[in-house]
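Written out below as structure tokens is the structure these notes cover.
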Amino acid sequence: MAFITDHILTWVAFAPALGAVLVLAAGRTPGTARRLALGAALVDFVLSLHLLRYFETGNGADQFVEHAPWLAGGKIAYSLGLDGVSLWLVLLTTFLGPLVILSAWRAIAERVREAMAFLLLLQTAMIGTFLARDMLLFYVFWEAMLIPMYFLIGIWGGERRVYAAVKFFLFTMVGSVFMLVAILWCYQQAGSMALADFLQLELSRGQQSWLFAAFALAFAIKVPLFPFHTWLPDAHVEAPTAGSVILAGILLKMGTYGLLRFAIPLFPEAALALGPWLAWLAVIGIVYGALVAMVQQDVKKLVAYSSVSHLGFVVLGLFSLTTTGAAGGVVQMLAHGLSTGALFLLVGIIYERRHTRMIAEFGGLAHAMPRFAAVFLFVTLASIGLPGLCGFTGEFLILFGTFGSGLLPHARLLTALAATGVVLGAIYMLWMYQRVFLGKLGERNRGLPDLSPREWAVLLPILVMIVALGVHPAPLLERLEPSLERILAPVAALRQTESTYGLAAGMPADRPAAAVAALKGDR
Amino acid sequence: MSVDMLQIPDWSDLGGFLPETVMFGAFLLALLGDLVVRRRPVVPFAVVMAGALTALALSFAGLDAPERTILGGLVVVDGMAAFFRILFSLIAVATLLVSWASEEIMGRSRENKGEYYALIALMTGGMMVMAEARDLLMLYLSLELVSLSSYVMAGYMRNSLRATEASLKYVIFGAVSSGVMLYGLSLLYGLTGSLTYAGVRDALAAGAGDPLSLLTVCVLLLAGLGYKIAMVPFHFWAPDVYEGAPTPVSAFFSVGPKAAGFALMIRFFYTTMQPAVDRVDWRLLIAVLSVATMTFGNLVAVRQVNVKRLLAYSSIAHAGYLLMGFLMLTAEGLQAILFYLLVYALMNLGAFLFVVALNNSLKSEHLDDYAGLGFRSPWAAAMMIVFLFSLTGLPPTAGFIGKFYLFAAVMHEGWYWLAIVGVLNSVVSLFYYMKIARTMYFTKAPADAPAVPIAPLHYVTLVLLAAPTLFLGLYWGGFKDLADRAVQHFTAL
């Protein structure tokens, strides 16, 4: 066991890849391929629980660190680490992994072996991205994510899959290459690819601006931040359900994770100077995404645009540059991964039955599929941020952190505008719900089967986590907080005046757990 | 004529010239063997293969050797020469393997199969000499040796109209550009009064030549050399020749002579023109040509539907990337070029080999006929994907590492705009490389699509090329080391 626990991060990262090799080698029939893939994903989940079990709460530094010189005399290293932020994102990935494979059980009927292998390879690349602490290693994982996703959309996608796959690939690649140039530049200054050495760089304001812009572009495209979002609806709509769930659940978080992990702490001055621009783009995205979602005819597209809106909240939270706002951002990443992931699963379930996703085709589904309708309502409420469910915690912390941010000009205006996004979110989600599930049941929707046991197995764990995150986010926040403080330390060091727009005493903008506790009246 | 031209060649010099001697020997032996045992192409094949492997084995020793001038001062052997000997031997071995199972070369109706293999030996020897020339005469002779053999190889399929056209175009283009270059060489000789690189360098360092005539010399020389590496605007022959020539020959052309052209350019420009860089900014000239080459190659490749032609334009684009490293005039840039050439040989030969292997059964290189190959021939297609990702420069493949070092070298010298143009070009190239991937995986094959059996030898060769293409993306230390060692004694820096 020591063999595994001593290199636990490597195992968590590469167990799915091993599974992929196994699936390719031994998955002769579709059934075997599915079962092998599910097994690999479950093993990976169990391995990641080890991380949660032994994670040292209160320690903001990287844990379970692995470091081995790779090339160029150790200037490039195989270096993995896990802090509070990575911990939760890795857990989200390994948690969704088996569910995604289960969701593809029937939906992917052709070339099952290849599909399962791609899903598992994608999981390795995503986990690697969250764990890498060497910039070259990070870039390798970052780019490696594109390849399986490209094939997943292109082979198993909908009608316009080729267009969507190519668009997805090209958009992401454009951003990445600029980031590569920026990484190369820093590499020459720092003399090593280690993230720790990059953090030590002393850069002028002008240099920081360029580098920040290059990094932020790559991440903004991935998030996607308005106006770089146009690849997202296409990719989401055309991808198979499993692909959409991964895209919404995890891949989009790569962008926000990158902003938090790299763009902000590496270039704090630029983050301070240019962050407000990104915050404005985020707020535009919140409102714009919500408005566009409102007029969609296709449920999947509606959910896709709601992602633009929700991710806008995350970016806003990050660029409040307060620990509370950033914690809200991370919580919102997780919440969005759960709720939007679940929404895509639900849309996939109805699509499998009716082969359409047009809102106009439905109506009164609650009569035919009461349990399905109940679950859908539950997830809808989570998505619009009903208190007690996951969406609320994140949005609350983000708005709270932004409102009290002393580093973001016009913080209160931004908060107010973002808050309208919450209202709009409730409108478009509930309106969609009303049109699909309430009213008169149409002829063609009569006799649709309700949720099957397998579908319950996919949904139930997510529902449980949605409640858990909403009711009791403290375990999450207390592991997150020290790491966030550490990540934001370079920005905090620059802070000259202690919050010009300061909050009333007793409402600590920099202690998210305390903020939540205060809200609940625990103190 | 300078004095060092008059050195008497010494028999012991041949010791430093062994790999070339072996290749030329193999050429003669293969020709003779073909005369004696007719209709048994295996004899020349085996002779050339043995020659290439011997040359390969002999070349490693020279990597760390200091510079040594031999054969009356005409050629120089040093680490870089050794590196290119290794590279060209490897390319020859791969080309032989590709050709042996190719219908285009070995089809029943073909004649002169033996001579084909002999020509590979001759060209390989010639390319090695190109990498070693240190005298204007030798420069021209080695270049012509390679060119003339190429014309014959391009026209190998005598009965094919396309191949004949390709060969003719090649000859005309080649003759014109070599004539232009010869004029440039004569100007340079007139300006400096020396034929050896060292003599030219000393004369230029002493102030010979005014900016205008030096610029003229540069432009004229670049016409000849640019033609060899398919640099814009001297690239026009490349798409037609690559498309018309037998595919194994195109594969060979796209890596061998191109690398040899770079070897020759490096030695010539680094040695002789470096002192003149303050009078004529040939670095900027090459930077502009580099941008033009990669941008043009990539943009035109986007519209191609013939895979061979697409790869031809892609190989033009790659010359553009290499030129970026070339104009850095640093050890770092040179190492990056050498490493990239090695990687490029692997991935480009691999991509062409895939076309050869399919041509055997499909009899077509049209992109539409590749529909569904990802599932009709899954393993070969998967390896093609590796080559395509590598050509794009995506991790975790060798192509990414190659570009990584290239861009790092460019940025180190502060040519940021050039690096940005380079990475943007990679994005464009993604589009057309993925076009092949797209057709193979996303387009369903028509119901009557023929089966695509792949020759066992081609499978083996594909694996031999794909495995290092992937492996070098994860652990490239050893190969980078080869390139670094080759440069350590390069005195012109």
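The values are calculated or read from the model by the stated rules, or taken from the named source; none is laboratory data. Being a predicted model, the structure only gives us computed values, none of them experimental. Counting neighbours? That spans all protein chains shown, and the Cβs are built from the backbone with ideal geometry, glycine included. Please note that ligands, DNA and RNA were not included when accessible areas were found on the heavy atoms of the full protein model with its side chains. Shrake-Rupley method; radii C 1.70, N 1.55, O 1.52, S 1.80 Å.
Show me the helices (runs of 4 or more DSSP H) entirely contained within the stretch A:276-377 in which 3 or more residues are in contact with an Asp or Glu (Cβ under 7 Å, 6 or more places away or on another chain). Counting at least 3 such residues, we get A:323-354. Going by the structure shown, is B:Thr293 touching a helix residue (DSSP H, G or I) at 6+ places or on another chain (Cβ under 7 Å), open to solvent by 10 Å² or more (accessible area, probe 1.4 Å) and either in a helix (DSSP H, G or I) or not aromatic (Phe, Trp, Tyr) (or both)? Judged against the criteria, B:Thr293 is not a match. A single member of B:Gly393, B:Gly374 is at positive phi and within 11 Å of another protein chain (Cβ to nearest Cβ), and it is B:Gly393.
Residues in the stretch B:312-337 that are open to solvent by less than 10 Å² (accessible area, probe 1.4 Å) and more than 21 Å from B:Phe296 (Cα to Cα): B:Met328, B:Gly333, B:Leu334, B:Ala336. For A:Ala374, state whether it is modelled with pLDDT of 85 or more and not polar (S, T, N, Q). Yes: the conditions hold for A:Ala374. Flag not set for B:Gly473, criterion: within 14 Å of chain A (Cβ to nearest Cβ) and without any contact (Cβ under 8 Å) to a residue 12 or more places away in the chain. From the list A:Leu413, A:Leu407, A:Leu397, A:Leu441, the lone residue that is surrounded by fewer than 20 Cβ atoms within 10 Å (Cβ to Cβ) and closer than 30 Å to A:Gly275 by Cα is A:Leu413.
Tell me which residues, restricted to the stretch B:10-41, are on the phi < 0 side of the Ramachandran plot and open to solvent by 90 Å² or more (accessible area, probe 1.4 Å).
Across the stretch B:10-41, the qualifying residues are B:Trp11, B:Leu28, B:Leu29, B:Leu32, B:Leu35, B:Val36, B:Arg38, B:Arg40.
Going through (1) within 30 Å of A:Gly175 (Cα to Cα); (2) more than 10 Å from chain A (Cβ to nearest Cβ) one by one, B:Lys480 falls short only on (2). Put simply, of B:Met411, B:Met434, B:Met440 the only residue that is within 29 Å of B:Leu63 (Cβ to Cβ) and of a type outside the set (Gly, Ala, Ser) is B:Met411. Among the criteria (1) modelled with pLDDT under 85; (2) surrounded by 14 or more Cβ atoms within 10 Å (Cβ to Cβ); (3) hydrophobic (A, V, I, L, M, F, W, C), the one A:Ala493 does not fulfil is (2).
Quick grid of which residues meet (1) modelled with pLDDT under 85; (2) basic (Lys, Arg); (3) surrounded by fewer than 15 Cβ atoms within 10 Å (Cβ to Cβ):
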{"residue": "B:Lys435", "(1), (2), (3)": "no, yes, no"}
{"residue": "B:Thr439", "(1), (2), (3)": "no, no, no"}
{"residue": "B:Ile454", "(1), (2), (3)": "no, no, no"}
{"residue": "B:Val460", "(1), (2), (3)": "no, no, yes"}
{"residue": "B:Ala467", "(1), (2), (3)": "no, no, yes"}
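With respect to the conditions (1) open to solvent by less than 10 Å² (accessible area, probe 1.4 Å); (2) free of Cβ contacts under 8 Å to residues at least 24 places away in the same chain, B:Leu145 lacks only one, and its number is (1). Whether any residue in the stretch A:167-189 is over 27 Å from B:Met411 (Cα atoms) and either within 13 Å of chain B (Cβ to nearest Cβ) or surrounded by fewer than 24 Cβ atoms within 10 Å (Cβ to Cβ) (or both) is what I want to check. Scanning the stretch A:167-189, I find at least one residue that is over 27 Å from B:Met411 (Cα atoms) and either within 13 Å of chain B (Cβ to nearest Cβ) or surrounded by fewer than 24 Cβ atoms within 10 Å (Cβ to Cβ) (or both), so the answer is yes.
Just for the stretch B:412-432: of the residues that are more than 8 Å from chain A (Cβ to nearest Cβ) and open to solvent by 60 Å² or more (accessible area, probe 1.4 Å), which one is nearest to B:Tyr313 (Cα to Cα)?
Here the answer is B:Trp417.
Quick check on B:Lys435: is it within 11 Å of chain A (Cβ to nearest Cβ) and either among the charged types (D, E, K, R) or over 17 Å from B:Leu310 (Cβ atoms) (or both)? Spelling it out, B:Lys435 is indeed within 11 Å of chain A (Cβ to nearest Cβ) and either among the charged types (D, E, K, R) or over 17 Å from B:Leu310 (Cβ atoms) (or both).
Sort out for me the helices (runs of 4 or more DSSP H) sitting completely within the stretch A:199-263 that have 3 or more residues that are within 26 Å of A:Asp83 (Cβ to Cβ).
A:205-222, A:252-258
Yes/no per residue for (1) in contact with a Lys or Arg (Cβ under 8 Å, 6 or more places away or on another chain); (2) in contact (Cβ under 8 Å) with a residue 24 or more places away in the chain:
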site: B:Arg39; (1), (2): no, no
site: B:Met49; (1), (2): no, yes
site: B:Ala52; (1), (2): no, yes
site: B:Ala57; (1), (2): no, no
site: B:Asp64; (1), (2): yes, yes
site: B:Leu71; (1), (2): no, yes
site: B:Gly79; (1), (2): yes, yes
site: B:Ile86; (1), (2): no, yes
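Scanning the stretch A:152-166 for residues that are part of a helix (DSSP H, G or I), open to solvent by 10 Å² or more (accessible area, probe 1.4 Å) and not charged (D, E, K, R) yields A:Ile155, A:Trp156, A:Val162, A:Tyr163, A:Val166.
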